Amino acid sequence: MIHPPYSRLAAALILLAPALAGCGQSQPPGGGPPPPTVTVAKPIERSITDQDEYVGRFVAVDSVEIRARVSGYLDQIHFRDGQMVKQGDLLFTIDKRPFQNTVAQARGTLAQAKANLAFAEADLERAKQLVRDRTITEQTFDQRTQAQRSAAASVAANEAAVRQAELDLEFTELRAPVAGRIGDRRVSPGNLVTGGAGGTTTMLANIVSLDPIRFEFTMDEASYLRYERFSGSGKEVTGREGGVIVGLKLLDEKTFEHRGYMDFVDNAIDKSSGTIRGRASFSNPNVVLTPGMFGRIRVPGSPTYNAMLLPDAAIGTVQIRKFVLVVGDDNTAVQKYVTLGPLSDDNLRIIKDGITAGDRVIVNGLMRVRPGQKVTPQEQGVGPAGPQAKS
């Protein structure tokens, strides 16, 4: 007869028997975890030009203050505030009547001077024969000669007075010296405006040209030196000679869709800021670009070179060094250090050095792999938005 405690012990031994029987036996081969599955892709090879970006403002090619050249009462205004005007368009009219009277008076004085000259010339011709006949003295002949010269000088002076009076009459009509957008009127009709060449002349309005328009920005001294050295060696980068194509985007734009060209670099570096001013020119047919507006310009910063492009997800970091994992023919991950460039227009990272076009780079699953580890690669392509499956 088996007592209860012994029966329980026997049952436990029966249950442990299979486990004890398995002790000392080895695990079946191939029981470890399988190699991690990763996405690999070959980098895109492309000719690249490094681009530098700067913030600046638009400035007008021509900016003109409309001021009166003659004093008088403002009679009429011939434009709407803020409208586009063409060169030569009539803008303001000053009361012409006083200037018309001055012209008439000057012309009358000129006619009188011409009559005096005609009489003096005829008198001198008569005097020439009389002095030969010794009818008049030499002194009388000299007096008539002097009268003729004085009359000729009076005619010349009065002709100048007529031209000045006509010019003042012409100045009563103020016309647009350049094409562009005019601002608001500063003086209403009926007010007395002061003209002349002094600093107290009355400003009536201002005009800024809009097409083409310029964009000014500043670059640091190191960038300027880099541009000049590349440009001096004949490479097509931003330089003093100008003509290099540049891109620009506005504050509400995501791409550099505006195209222009460099046309000026200043002749001195600012001592207080250590920067030098550059300028580019852009066409502005729809006159959206306005003087004073901010923008971001992108200029070529290096000669063209061949580079590889990969998505940022393929790039790892060890302290300050950047690397990618390349899968060899035996499906083993190998670490390669790379030199990075900026992002391209299609959001791919430019790789300047460290890999070749034939490398199979891990672009997805980088955190699951260590250098030297076996992997299960899946081939995919690199597209504008990152890895794209091959069809």
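The values are calculated or read from the model by the stated rules, or taken from the named source; none is laboratory data. What you see is a predicted model; the values in this text were computed from it and never measured. Here Cβ is always computed from backbone atoms with ideal geometry, including for glycine, and neighbour counts include all displayed protein chains. To get the accessible areas, we keep the full protein, side chains included, count just its heavy atoms, and leave off ligands, DNA and RNA. Shrake-Rupley method; radii C 1.70, N 1.55, O 1.52, S 1.80 Å.
Some values worked out for this structure:
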read-out: Residues located in region 92-126, provided they are open to solvent by 70 Å² or more (accessible area, probe 1.4 Å) and of a type in the set (K, R); value: R97, R107, K114, R126
read-out: Residue match in region 154-166 (condition: open to solvent by 20 Å² or more (accessible area, probe 1.4 Å) and under 30 Å from V131 (Cα atoms)); value: yes
read-out: Residue within region 172-179 that is open to solvent by less than 50 Å² (accessible area, probe 1.4 Å), farther than 27 Å from K249 by Cα and touching a Leu at 6+ places or on another chain (Cβ under 9 Å) present; value: yes
read-out: Leading residue by the ranking (farthest from S71 (Cα to Cα)) among those in region 102-159 that are of a type in the set (K, R) and out of contact with any helix residue (DSSP H, G or I) (no Cβ under 6 Å at 6 or more places or on another chain); value: R134
read-out: Pairs, first within 13 Å of R279 (Cβ to Cβ) and polar (S, T, N, Q) in region 230-257, second open to solvent by less than 70 Å² (accessible area, probe 1.4 Å) and modelled with pLDDT of 60 or more, C-beta under 6 Å, six or more apart; value: T238/Y227; T238/V244; T238/M262; T238/V299; T238/P300
read-out: Count - residues of region 181-195 that are over 36 Å from the mean Cα position of the chain (by Cα) and either open to solvent by 40 Å² or more (accessible area, probe 1.4 Å) or of a type in the set (F, W, Y) (or both); value: 6
